[in-house]
Amino acid sequence: MTDEVFLVFKKGRILVAKGCPTNIIEEFTSDELAELLEFRYATPWNTGKDIIEKLTYILEDIHDIYLEDAKKGKEEVLRDIKIRKHSR
């Protein structure tokens, strides 16, 4: 199995897959992603271009965390992103 990590968009959720797109190891709801945006960037939810850019950063963090350690639990990943333990 490869070390590749995939973020799969499916029905308002982000699925994290390891090795191949069908090997799902975790899923994040749109509510969880919105909470991360609000917490990390301290801005209210909006539909502007800026919020999409910030969402991209969060998705990249999710991808990078699972690339480093695919066994991390969702709560640990959510916490790490909120406290910027893993960020660019």
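The values are calculated or read from the model by the stated rules, or taken from the named source; none is laboratory data. Because the structure is predicted, anything quoted here is derived from the model rather than measured. Don't worry about glycine lacking a Cβ; one is built from the backbone with ideal geometry, like all the others, and counts go over all protein chains shown. Surface areas here come from the heavy atoms of the whole protein model, side chains and all, with no ligands, DNA or RNA. Shrake-Rupley method; radii C 1.70, N 1.55, O 1.52, S 1.80 Å.
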task: Only Lys, Arg, Asp and Glu count, each charged at its Cβ (+1, +1, -1, -1), so figure out the dipole size of segment 1-42 about its Cα centre, rounded to 20 debye.
output: 180 debye
statement: Taking Lys and Arg as +1 and Asp and Glu as -1, residues besides ALA70 with C-beta under 13 Å from its C-beta add up to -3
- line: Share of accessible surface on carbon and sulfur in segment 1-42, whole %, 1.4 Å probe and ligands ignored, is 53 percent
- request: Taking the dipole about the Cα centre of the chain, with the C-beta of Lys and Arg at +1 and of Asp and Glu at -1, give me whichever of PRO21, ILE51, VAL8 is farthest to the positive side.
  value: ILE51
query: For the chain, what's the relative contact order in percent, using C-alpha pairs closer than 8 Å and at least 6 residues apart?
result: 24 percent
